[in-house]
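These notes are about the structure you will find just below.
The values are calculated or read from the model by the stated rules, or taken from the named source; none is laboratory data. Just so it is clear, the structure is predicted and the values come from calculations on it, not from any experiment. Please note: Cβ atoms are built from the backbone with ideal geometry, for glycine as well, and neighbour counts cover all protein chains shown. Remember, those area values only see protein heavy atoms, side chains included, never the ligands or the DNA or RNA. Shrake-Rupley method; radii C 1.70, N 1.55, O 1.52, S 1.80 Å.
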Amino acid sequence: MTHWGPELRDGADTRFRLWAPDRDAVTLEIDGAPSVPMTRDGEGWFTAEAPAGPGSRYRFRLDADLAVPDPASRLQSGGVHGWSVVVDPGFAWSGTEWRGRPWEETVLLEVHAGTLGGFAGIREQLPAIAASGITAIELMPINAFGGTRNWGYDGVLPYAVAESYGSPAELKTLVDTAHGLGLSVFLDVVYNHFGPDGNYLNAYAGAFFHAEVDTPWGGAVAVDADPVHRFFVDNALMWLRDYRIDGLRFDAVHAIANDGFLDRMASEIRAALPERCVHLVLENEKNDAERLGPGRYDAQWNDDFHNVLHVLLTGETSAYYGDFAERPAERLARCLKEGFIYQGEGSPNHDGATRGKPSGHLPSAAFVAFLQNHDQVGNRAMGERLIHLTGRDKLRAATALLLLGPQIPLLFMGEDEGSESPFLFFTDFHDELADAAREGRRREFAKFAAFADEEARKRIPDPNAAATFEASIPKPGPAAGEWRALYRELLSLRRTHIIPRLKGAVGLSAEVRGDAGVKARWWMADGATLTVAIDLSDVPTLPEGEEGNLIYRESDRFAAWIAT
């Protein structure tokens with residue numbers, strides 16, 4: 001079995017590898033040293049060993065006009081078109097006893113490294129994050145991409161940390177510091193496509209893609225080919241082993257369209273790290289409950305939870321919110337009791353195609369719930385947060401449901417401080433790519449009434465402008481103290497009343513109360529019953545005489561009880 005990437009040998013020499021089945025010859029170039037011809041085997045793997053210790057810059061020469069970076073480069077010098085750098089995987093970890101936290105203890109905070117000052121900037125915020133009751137940070141993708149600013153989902157070198165965020169050692173220091181504070185660290189990884197700037201794979205490994213399978217990004221990634229499978233599984237294991245990341249969130253796996261690859265990847269990761277609490281989470285538009293469970297994936301991002309609550313909070317029913325426009329309270333009830341809303345029904349936003357599989361048998365912790373995340377804020381034309389789109393009282397009630405319900409909660413950076421900063425779509429492309437990103441963004445919103453005419457679309461911020469990125473840096477809102485206090489109180493209650501009872505908790509019942517109200521009950525692991533009631537109507541009412549102890553009430557909009 002051949003693995004990707006450079007391998008340090010005896011501290012001074014390094015073995016280099018490249019899968020280039022479309023080439024007959026490849027030369028290893030090391031900055032400041034003679035070139036080294038690489039040896040090809042029958043499967044298209046080229047190897048060479050050369051004196052090159054940590055810090056050495058190298059690349060692969062394909063022909064006189066083209067030299068490419070290592071697709072498994074751990075660090076780049078000069079961007080994704082520049083030299084790859086040999087990195088020493090060692091690090092003086094201080095938290096040698098850290099094995100991770102149980103999944104049921106997870107409260108996630110999604111963060112973007114670039115907007116928070118890179119790895120060093122996030123590290124400075126960790127003590128405050130830990131003190132708030134949040135138990136884990138989730139980094140949006142941090143691998144190398146074209147330019148210096150990007151959401152990260154346009155990455156092209158999945159193994160290399162983005163230069164603008166910091167070095168591999170700085171990332172390890174961030175993780176080590178987090179563990180010392182009791183915080184887990186999760187990472188978003190993208191295995192369904194490569195970005196448009198700096199992807200050279202087609203120049204030497206066309207078999208990395210299925211050209212005949214159309215996706216929004218070109219040919220589908222050929223994860224059924226063993227070298228391609230190894231590329232991504234080795235990448236996952238690198239983050240988990242070398243950087244001691246505690247969990248991975250796999251972006252948009254429905255676009256991979258290969259369940260066998262997903263199952264095999266989960267199995268290999270579990271087998272490689274049996275002594276660690278490693279958590280694997282999917283984003284999967286298919287709502288495929290069969291991918292969730294012991295030995296597979298801990299949970300899936302539950303877009304259904306967000307979508308139906310967004311309709312109830314804002315009244316918006318355009319685009320994909322149209323799937324949740326009818327009977328939203330009934331849909332919320334199903335989500336609270338069973339997890340997914342769409343479990344095989346036809347989806348209006350998908351031309352009536354069925355979506356989802358039954359999920360009521362799964363524990364509530366198999367779903368990651370959220371009111372906001374990078375997609376649901378950043379994919380709005382103007383990047384508005386919920387604080388701009390609904391009333392304060394409704395938002396407080398929805399926040400209580402998120403943090404006192406049994407699904408695993410995820411917050412988006414700034415949310416717990418009442419931030420009013422937008423989170424916009426930003427890139428750092430140039431020339432034709434910059435034009436394509438700008439115009440593509442404007443075309444995307446042409447179907448919305450607010451942006452139907454060209455002049456209105458010109459108001460959409462240019463993704464490539466530095467000002468778009470700068471506006472997306474989250475700042476505490478004017479009522480930050482109030483929101484911080486709310487989140488601290490709710491997370492303290494979650495730590496006391498929900499987390500100890502969460503493992504294996506399942507839905508018992510959920511009933512609709514009026515046009516925008518739901519009362520739901522769960523059987524908890526210790527035999528207790530958790531009951532919540534929420535009413536997001538304009539004139540809310542809540543039930544008064546519930547069995548059990550009232551643990552929290554938010555005016556007439558939300559209440560939670562525990563019966564032991």
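Listed values, structure above:
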{"quantity": "The range 418-436: number of residues that are farther than 14 Å from Ala466 by Cβ and over 21 Å from the mean Cα position of the chain (by Cα)", "calculated": "7"}
{"quantity": "Any hit, the range 491-500, residues being out of contact with any Leu (no Cβ under 6 Å at 6 or more places or on another chain), under 13 Å from Leu401 (Cβ atoms) and either open to solvent by 50 Å² or more (accessible area, probe 1.4 Å) or among the aliphatic types (A, V, I, L, M) (or both)", "calculated": "yes"}
{"quantity": "Residue match in the range 172-190 (condition: within 16 Å of the chain's Cα centre (by Cα) and not in a strand (DSSP E or B))", "calculated": "yes"}
{"quantity": "Selected residue (only one of Gly147, Gly152 is at pLDDT 95 or above, closer than 22 Å to Met238 by Cα and either within 17 Å of the chain's Cα centre (by Cα) or open to solvent by 10 Å² or more (accessible area, probe 1.4 Å) (or both))", "calculated": "Gly152"}
{"quantity": "Matching entry among Ala266, Ala299 (being in contact with a His (Cβ under 9 Å, 6 or more places away or on another chain) and open to solvent by less than 20 Å² (accessible area, probe 1.4 Å))", "calculated": "Ala299"}
{"quantity": "One residue from Ala400, Ala365, Ala381, Ala369 being more than 28 Å from Val532 (Cα to Cα) and of a type in the set (A, V, I, L, M)", "calculated": "Ala381"}
{"quantity": "Members of the range 385-444 that are in a loop (DSSP other than H, G, I, E, B), modelled with pLDDT under 95 and either open to solvent by 40 Å² or more (accessible area, probe 1.4 Å) or polar (S, T, N, Q) (or both)", "calculated": "His430"}
{"quantity": "Selection status of Ile460, within 30 Å of Ala437 (Cβ to Cβ) and surrounded by 19 or more Cβ atoms within 10 Å (Cβ to Cβ)", "calculated": "yes"}
{"quantity": "Single residue of the range 257-304 satisfying the filter (closer than 10 Å to Ala366 by Cα and small (Gly, Ala, Ser)) that is modelled with the lowest pLDDT", "calculated": "Gly293"}
{"quantity": "Those residues of the range 403-440 which are of a type in the set (D, E, K, R) and either free of Cβ contacts under 8 Å to residues at least 24 places away in the same chain or touching a Lys or Arg at 6+ places or on another chain (Cβ under 9 Å) (or both), in sequence order", "calculated": "Glu415, Asp416, Glu417, Glu420, Asp428, Asp431, Glu432, Asp435, Glu439"}
{"quantity": "Check on Glu470, at pLDDT 95 or above, open to solvent by 70 Å² or more (accessible area, probe 1.4 Å) and farther than 30 Å from Ala400 by Cβ", "calculated": "yes"}
{"quantity": "Selected residue (only one of Leu8, Leu28 is open to solvent by less than 70 Å² (accessible area, probe 1.4 Å), touching a Phe, Trp or Tyr at 6+ places or on another chain (Cβ under 6 Å) and in a strand (DSSP E or B))", "calculated": "Leu28"}
{"quantity": "Counted residues, the range 520-548 - those being modelled with pLDDT of 95 or more, touching a strand residue (DSSP E or B) at 6+ places or on another chain (Cβ under 6 Å) and open to solvent by 20 Å² or more (accessible area, probe 1.4 Å)", "calculated": "3"}
{"quantity": "Residue in the range 235-256 that is touching a helix residue (DSSP H, G or I) at 6+ places or on another chain (Cβ under 7 Å), within 29 Å of Gly90 (Cβ to Cβ) and among the basic types (Lys, Arg) present", "calculated": "yes"}
{"quantity": "Subset tally (residues that are closer than 29 Å to Gly155 by Cα and either surrounded by fewer than 14 Cβ atoms within 10 Å (Cβ to Cβ) or in contact with a helix residue (DSSP H, G or I) (Cβ under 9 Å, 6 or more places away or on another chain) (or both)) for the range 101-112", "calculated": "7"}
{"quantity": "Enumeration of residues in the range 348-364 that are open to solvent by less than 50 Å² (accessible area, probe 1.4 Å), at pLDDT below 95 and within 24 Å of the chain's Cα centre (by Cα)", "calculated": "Arg355"}
{"quantity": "Conditions (1) open to solvent by 20 Å² or more (accessible area, probe 1.4 Å); (2) modelled with pLDDT of 95 or more; number of the one not met by Tyr487", "calculated": "(1)"}
{"quantity": "Considering residues of the range 75-100 that are farther than 22 Å from Pro196 by Cα and free of Cβ contacts under 8 Å to residues at least 24 places away in the same chain only, the residue surrounded by the most Cβ atoms within 10 Å (Cβ to Cβ)", "calculated": "Gly90"}
{"quantity": "Test set (1) under 30 Å from Asp226 (Cα atoms); (2) part of a loop (DSSP other than H, G, I, E, B); (3) small (Gly, Ala, Ser) - Gly352 fails condition number", "calculated": "(1)"}
{"quantity": "Members of the range 503-516 found to be in contact with a helix residue (DSSP H, G or I) (Cβ under 6 Å, 6 or more places away or on another chain) and open to solvent by less than 50 Å² (accessible area, probe 1.4 Å), listed by number", "calculated": "Ala505, Gly507, Ala510, Ala516"}
{"quantity": "Residue satisfying all of: in the range 42-69; in a loop (DSSP other than H, G, I, E, B) and open to solvent by less than 60 Å² (accessible area, probe 1.4 Å); farthest from His81 (Cα to Cα) among these", "calculated": "Gly44"}
{"quantity": "Qualifying position, being in contact (Cβ under 8 Å) with a residue 60 or more places away in the chain, more than 29 Å from Gly405 (Cα to Cα) and buried (at least 19 other Cβ atoms within 10 Å of the Cβ), among Thr177, Thr115", "calculated": "Thr115"}
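Here is a yes/no grid of residues against (1) crowded, with 16+ Cβ neighbours inside 10 Å; (2) outside any helix (DSSP H, G or I); (3) free of Cβ contacts under 8 Å to residues at least 12 places away in the same chain; (4) of a type in the set (A, V, I, L, M, F, W, C):
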| residue | (1), (2), (3), (4) |
| --- | --- |
| Pro196 | yes, yes, no, no |
| Asn202 | no, no, yes, no |
| Ala220 | yes, yes, no, yes |
| Trp239 | yes, no, no, yes |
| Leu248 | yes, yes, no, yes |
